[in-house]
Amino acid sequence: MFNKQQFKAKMVLADKTMKDMAAAMGINEATLNRKINGHSEFTRDEIQAYRNTLGLNAEDIDAVFFAPELTET
């Protein structure tokens with residue numbers, strides 16, 4: 001499950017804006033906002049661009065894009 005807070009936090013820590021990330025991913029800001037808000041999925045190339053732009057490792061990417069869904073027990 002996508003973790004919006006982690007996505008944005010890692011951008012802030014890297015001093016990147018939404019405009020920076022959209023450009024790096026090859027999409028416009030409106031499309032990036034739709035993806036962040038769950039209206040469409042990120043592609044493999046977009047995830048790779050995010051990783052490369054922010055200098056993240058595989059664990060960071062897992063925490064953002066493949067976080068386990070929280071369920072109530």
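The values are calculated or read from the model by the stated rules, or taken from the named source; none is laboratory data. If you're wondering where the values come from, they're calculated on a predicted model, not measured in any experiment. Positions of Cβ are backbone-derived with ideal geometry, glycine not excepted, and every protein chain shown enters the neighbour counts. With ligands, DNA and RNA removed, areas are computed over all heavy atoms of the protein, side chains included. Shrake-Rupley method; radii C 1.70, N 1.55, O 1.52, S 1.80 Å.
A few notes on this one:
- For the chain, size of Cβ-based charge dipole, Lys and Arg +1, Asp and Glu -1, in debye: 260 debye
- Fraction of accessible area attributable to carbon and sulfur, segment 17-62 (%, probe 1.4 Å): 43 percent
- Among 33, 50, 9 the positive-end extreme of the charge dipole of the chain (Cβ point charges): 33
- The spacing between segment 1-23 and segment 25-67, judged by their C-alpha centroids, is 8 Å.
- Expressed as a whole percent, the proportion of Cα-Cα pairs in the chain lying more than 15 Å apart is 51%.
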